[in-house]
Each structure stands twice: as C-alpha cells, then as structure tokens.
C-alpha cells in the first residue's frame with residue numbers, strides 16, 4: 001500500500017494577540033508581549049504566579065446560540081479558528097462529502113472555567129439538580145473537537161488528542177496518518193486551551209510557573225534566558241487544514257507546506273521532568289521519516305517553556321543533533337504557553353515565517369543561560385529562505401512530539 005502525501009492548505013487562529021492569523025503575526029513582528037497581571041488571581045490562597053496571557057474574546061455571538069450553549073471558552077476559540085482555517089483553505093463545506101472531512105482537536109482537559117463552575121454550583125449543597133445539561137458538554141475532555149464537528153456539521157473522523165502540552169502536535173500527527181492512510185481527505189487539526197487560575201495552579205504546585213515577575217509581567221516568560229523562572233499560561237486555539245496532496249493540487253489550492261515526518265516518544269523516566277535522550281530519539285525519528293538530514297533543516301521552532309530543566313534538556317537535545325547550525329526560537333515569550341493549543345498556534349506562525357522568509361526571535365531572551373548555550377538562538381529578526389522546519393512539543397508525562405514540514 002502506497003501512502004498518500006499530506007499538505008497544509010489553511011490555518012486559523014485565536015491567540016492572546018487577538019482573533020486571526022494576522023493579529024498573531026503583527027504582534028510577533030512588533031515584538032510585543034501579551035502577558036499581563038491577572039486581576040483577581042491574588043484571591044486564590046497558595047497561588048504564587050499571578051500573570052497570564054488571556055484572549056479578549058470577540059465575535060462569539062456570531063456562533064448560533066444553539067451551537068454555542070455547549071461551548072466553553074476553548075470550544076468557542078476552536079470554532080472561530082476552524083472558520084478562519086477553512087476560509088483560508090478556500091474550502092466550502094456545502095460542496096464537500098462530509099463523510100470524508102473530519103477533525104482532530106487536542107486540549108489538556110475540558111473547559112477549565114466550566115469544570116470550576118460545575119463544582120462551585122454543585123458542592124455547597126451537594127445538589128446535582130442545579131446543573132444543566134450543557135455543562136457536561138463543556139467539561140468533557142473532547143469538548144473542543146466535538147463542538148467543532150457539531151458546529152460545522154462534519155461526519156468524518158472526530159478524535160481528541162489529550163497529551164498536555166503535546167496535544168496539538170499529536171492531533172496534527174494523527175491527522176497526518178489518517179490522510180496518508182486514505183481514511184480521510186480533509187481534516188481540521190490542532191488544539192485549544194483556556195486560561196483559568198486552576199490551570200496555572202496545577203503548574204504552580206509543581207514549582208513550574210513564573211513567580212518573580214508579577215509586578216513586571218511583560219518581562220516573563222524568558223525562554224532559554226539566565227533569569228527564567230518558569231512558564232506563564234496562555235489561551236487560544238490554532239487549527240490547520242490538512243489535505244491529501246493530489247486533491248489540493250486538483251483544486252489549485254495554496255499549499256503552505258507538506259507534512260513529511262512525525263514522531264512521538266515517551267521517556268518512561270519521570271512524570272514531570274524532561275529528558276533529552278527521549279527528545280533526541282523523537283526528533284531523529286521525525287527527521288528519518290522525512291528523509292531529512294540535520295543540516296537540511298532551516299529553522300527549529302522550540303517548545304521552550306522557560307522552565308529550568310525543560311529548556312536545558314531541549315537545548316542540549318538540539319545541540320547534540322544540530323549543533324549551532326540551525327536558527328532556533330520560540331513564541332512563548334510573546335504569548336505565554338498556550339498548553340494544548342501551543343503546537344498548532346506555534347506551527348501556524350512557523351508556516352507564516354516560512355512564507356515570508358522572516359524568522360522572529362525569542363522574546364525576553366536577553367542573556368542566554370549557560371545551560372542553554374551551544375545552539376543558534378535567534379535574538380533579532382532574521383531574513384532567510386526557509387524550506388524545511390522542525391516543530392518541537394514536549395509535555396508532562398515524558399511525552400515528546402516532533403513534526404517536520406517542507407515547502408513545496
């Protein structure tokens with residue numbers, strides 16, 4: 001059986017810089033930060049990180065109320081990103097065989113706000129009668145992908161990837177396999193996440209959050225920097241249209257890139273600590289499937305959460321494979337860590353950088369930490385032809401993901 005080729009023909013976005021891909025790219029071009037002090041978070045006892053990168057929600061009323069009732073914030077973000085991605089791809093669903101169109105959207109869990117609201121409503125009196133039926137659909141772990149499918153009326157494969165910060169890359173990897181195996185023609189793939197103090201708190205109790213910049217939020221997170229002190233949570237959604245190559249060519253679609261390799265590995269070492277050896281294996285497997293040598297890669301979009309060990313292990317893994325020959329940067333200094341959406345949002349930005357030939361730097365990287373040296377950090381915008389990219393995604397649980405894309 002010969003495998004089909006898979007290309008990316010559309011991208012959509014809701015990010016802390018606003019709705020739409022242009023808003024994200026404008027924020028990156030201007031070197032801005034979307035991180036702010038979160039009002040009201042200081043009311044949570046034991047929460048030390050009081051910064052985040054929120055989305056100012058807009059345009060949600062354009063989603064019909066009947067569809068919107070089952071959506072939490074993250075599902076609304078995903079539906080809006082899916083609309084943009086389809087429009088960007090030039091696909092009108094009314095003209096499609098919807099049994100051949102599906103979606104795979106990942107997240108760390110269901111709507112954090114909705115889950116919190118359920119327990120605040122129910123627990124004081126242990127009264128389940130106070131809950132309404134739509135709350136469950138907002139809370140379930142596959143809420144984003146189900147709501148996108150229902151909103152668009154899709155009949156094809158609907159799956160949810162749940163692998164913490166690797167969720168979106170897992171979703172894209174799953175979509176890549178479904179299309180190259182011939183099971184689907186078109187898939188909306190990516191991730192969605194929403195910001196809530198309980199989400200930041202889950203990292204806070206693991207000492208993984210930034211806590212030293214509550215009074216100066218624009219200066220954190222600081223990926224690869226000597227003064228980094230942890231991650232900053234963000235929210236939003238990134239959705240990409242994956243399509244079978246011959247189909248895309250036949251309809252004269254604009255193609256951002258071809259997905260040529262994907263790998264996911266587990267460290268099996270520690271539930272919360274990164275491990276460079278498993279990262280190295282993951283990256284090498286993705287490169288091998290692509291038929292790409294390290295020297296052929298033009299840009300690496302790093303995961304780089306600004307945690308102490310995570311950045312060190314990733315920098316060492318990149319250095320061991322690529323040395324200092326490939327430009328490396330990440331977006332989390334601009335928009336925080338969008339968790340289950342990060343892989344898709346950051347890949348979408350990478351594809352736009354590939355399109356324009358401009359690589360944006362790692363925001364807040366002012367002094368490269370000694371334990372992150374030996375790789376080519378991008379600290380100012382670089383103009384360069386970018387034909388082959390590597391996107392990394394590493395998650396709690398020792399879960400690694402790496403995706404390779406090539407410009408056609």
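What do you reckon, is residue 347 touching a strand residue (DSSP E or B) at 6+ places or on another chain (Cβ under 6 Å) and surrounded by fewer than 17 Cβ atoms within 10 Å (Cβ to Cβ)?
No; evaluated as a whole, the condition is false for this residue.
Number of residues in segment 357-408 that are outside any strand (DSSP E or B), more than 19 Å from residue 334 (Cα to Cα), modelled with pLDDT of 95 or more and under 22 Å from the mean Cα position of the chain (by Cα) equals 4. Close contacts from segment 123-134, counting a first residue that is within 19 Å of residue 71 (Cα to Cα) and in the same structural domain as residue 71 (by TED's automatic domain parsing) and a second that is at pLDDT 85 or above and surrounded by 10 or more Cβ atoms within 10 Å (Cβ to Cβ), with Cβ to Cβ under 8 Å and a gap of 6+ residues or different chains, come to 130/121; 130/122; 131/118; 131/121; 131/122; 134/69; 134/70.
Across segment 21-46, what is the total count of residues that are touching a strand residue (DSSP E or B) at 6+ places or on another chain (Cβ under 6 Å) and either surrounded by fewer than 13 Cβ atoms within 10 Å (Cβ to Cβ) or farther than 17 Å from residue 198 by Cα (or both)? Going through segment 21-46 one residue at a time, the tally reaches 4.
Given the criterion closer than 26 Å to residue 148 by Cα and surrounded by fewer than 18 Cβ atoms within 10 Å (Cβ to Cβ), identify the matching residue among 58, 80.
Numbers: 80 fails: surrounded by fewer than 18 Cβ atoms within 10 Å (Cβ to Cβ).
Exactly one residue qualifies, and that residue is 58.
Which residues, taken from segment 96-136, are surrounded by fewer than 14 Cβ atoms within 10 Å (Cβ to Cβ) and modelled with pLDDT of 95 or more? Those that are surrounded by fewer than 14 Cβ atoms within 10 Å (Cβ to Cβ) and modelled with pLDDT of 95 or more: 97, 99. Of all the listed residues (160, 144, 149), the sole one being crowded, with 21+ Cβ neighbours inside 10 Å, out of contact with any helix residue (DSSP H, G or I) (no Cβ under 6 Å at 6 or more places or on another chain) and not assigned by TED's automatic domain parsing to the domain that holds residue 332 is 149. Would you mind finding the one in 161, 166, 144 that is in a loop (DSSP other than H, G, I, E, B) and within 16 Å of the chain's Cα centre (by Cα)? When all the criteria are applied, what remains is 161.
Taken together, 244, 193, 235 contain a single residue that is surrounded by fewer than 23 Cβ atoms within 10 Å (Cβ to Cβ) and farther than 12 Å from residue 50 by Cα, which is 244.
The values are calculated or read from the model by the stated rules, or taken from the named source; none is laboratory data. The shown structure was predicted, so the numbers you read here are calculated from the model rather than taken from an experiment. No Cβ is skipped: glycine too gets one built from the backbone with ideal geometry, and neighbour counts run over all protein chains shown.
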